[in-house]
Amino acid sequence: MSTFQGLEIAKTGLFVSQKALEVTGHNIANANTPGYTRQVVDMASIAPPTTFGMYDQWGKAVGEGVKIVDIRQVRDQFLDNQYRRENKFLGEWETKAEVLSAIENIFDEPSNSGITAVLNDFFNSLQELSKNPESLTVRAEVRERAIALADTFNTVYQHLYDKLNELNSTIQSRIAEINSYAERISRLNGEIYRFELSGQVANDLRDQRNLLVDQLSKLVNITTYEDANGNFRIDIGGQALVSGTTAFTMSMDKNGNVIWDLTKSPVNPSSGVLKGLLDMRDGDGTDGVKGIPYYMDQWNKLAYNIAKSLNEVHSQGYGLDKSTGNLLFGGFDTSLPYDKTIPYAQLIKVSSDILASDGLLKIAAAKDPTALPGDNRNALELIALRDRPLDGLDKATFDDFARSLISNLGVDAEQANVMKKNQEVMVKQIDLNRQSTSGVSLDEEMTNMLKYQKSYAACARVITAMDELIDTIINRMGIVGR
């Protein structure tokens, strides 16, 4: 090996050490950057030439220095896939837990304004009526309690309906967010492709893309892969959301269905925030999916059966004015069968007969007009309805059905919270595992910095030594006797 080759070897060491120091500095600068992946310099020795000339006699070849093979990210694709797989379930259960908690707040149980308390107050007023059927004061209390009962049904239903509309708006916002992620990822795909055409690796751009994919994975179930040509693709249920530089957007049609804009075919998310929102908006109990429609239907069923059974008994009794056939509740025809499409809880109200100026006289406490004013037998039959199992309520009483509704809601909400907490723990643990692999350790980077600094200084010292050798050869050899 020539003396000048020694300079070349030392020069490669200088350049490689300098680049390694730059990468170390880049890691340190981005230690707190979200989504940043630690980078390392892969080095390899430069093999000596296979053919030697006059220098073969001086011994074995020692190689020609060092080179950079790659500047790569320290990233585990398996952990990335695992994180995104669990993150979508976290998004789904977070959404369900939030909506079910809001429904619990709407029903407001247990409280003085909840359905069980209002029902109790209403039947207590009927109890007082049975004791004093001729008292207008007691009759006024019955009417006020009936109004409160109807108002409770109206208010809860309206809040549920408003929440349903809110979910629709939220779904549209989430769809727009998914479309935005798709557009940004497709643009990054183009930038990465153009950058890597030169043979470089776009590590920082890939970090930005990975961060967006992580965030997208919480919104909807996705699968990702990159083909041999570097074409990065994201699918939802086998349909492309992003393919290279092309983003395929989605929207909501007039019927509330999520569809692909290009093909108009349905988007059927299997998990993620979008799935949670759709389940809460559309779940009517089918396949065990209980969302707002399910609880609205149960609420309507309770309102309908209370009005129907009370009207049937009340209409057969007599008021103080000896009138009969009067209904206690109105707003819909209780003689017709239950119809799931009718919002009974929204429509229920105290009948116009009872709300009229002489309505207190029409409250039917009596069974026999000849036994007025002290007859209380119809009031007792109204009270007996409280403990009567009804076919329309699955053989449950008013109280039992209401308590079962609230209890089932509580169970659903608790399950959602448990699943959410389990997923939070799992996602956090997976992310910690990712960070232990991909995250920047300042202690480790400081050690690397010292290592590469010493290497750079040593290579510089080799060049100095080589310079002295060459100076000896050029300026000092062969000058004896001059």
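The values are calculated or read from the model by the stated rules, or taken from the named source; none is laboratory data. Since this is a predicted model, take the numbers as computed values, not measurements. Every residue, glycine as well, gets a Cβ built from its backbone with ideal geometry; the counts of neighbours run over all protein chains shown. Just so you know, the surface numbers come from the protein's heavy atoms only, side chains and all, with ligands and any DNA or RNA stripped out. Shrake-Rupley method; radii C 1.70, N 1.55, O 1.52, S 1.80 Å.
Things worth noting here:
- Taking the numbered list (1) at pLDDT 95 or above; (2) touching an Asp or Glu at 6+ places or on another chain (Cβ under 7 Å) in turn, Ala384 passes all entries but (2).
- Identity of the residue in segment 224-237, within 21 Å of the chain's Cα centre (by Cα) and closer than 21 Å to Tyr36 by Cα, that ends up surrounded by the most Cβ atoms within 10 Å (Cβ to Cβ): Ile234
- Residue within segment 142-157 that is open to solvent by 50 Å² or more (accessible area, probe 1.4 Å), modelled with pLDDT of 95 or more, within 30 Å of Ser251 (Cβ to Cβ) and assigned to a helix (DSSP H, G or I) present: no
- Taken over segment 177-202, residues that are surrounded by fewer than 19 Cβ atoms within 10 Å (Cβ to Cβ) and part of a helix (DSSP H, G or I) amount to 12.
- Counting only helices (runs of 4 or more DSSP H) wholly contained in segment 364-482, the ones carrying 1 or more residues that are within 30 Å of Lys301 (Cβ to Cβ) occupy 377-384, 398-438.
- Residue in segment 321-343 that is at pLDDT below 95 and in contact with a Leu (Cβ under 7 Å, 6 or more places away or on another chain) present: yes
- None of Ser111, Ser130, Ser101, Ser135 is open to solvent by less than 20 Å² (accessible area, probe 1.4 Å) and of a type in the set (Ser, Thr, Tyr) except Ser130.
- Pair list, Cβ < 6 Å and 6+ apart or interchain, from segment 409-427 residues that are under 16 Å from Phe107 (Cβ atoms) and open to solvent by less than 80 Å² (accessible area, probe 1.4 Å) to residues that are part of a helix (DSSP H, G or I) and among the hydrophobic types (A, V, I, L, M, F, W, C): Asp412/Leu100; Ala413/Leu100; Ala416/Trp93; Ala416/Ala97; Ala416/Leu100
- Only residues that are open to solvent by 20 Å² or more (accessible area, probe 1.4 Å), polar (S, T, N, Q) and in contact (Cβ under 8 Å) with a residue 12 or more places away in the chain were counted across segment 13-32, and they come to 2.
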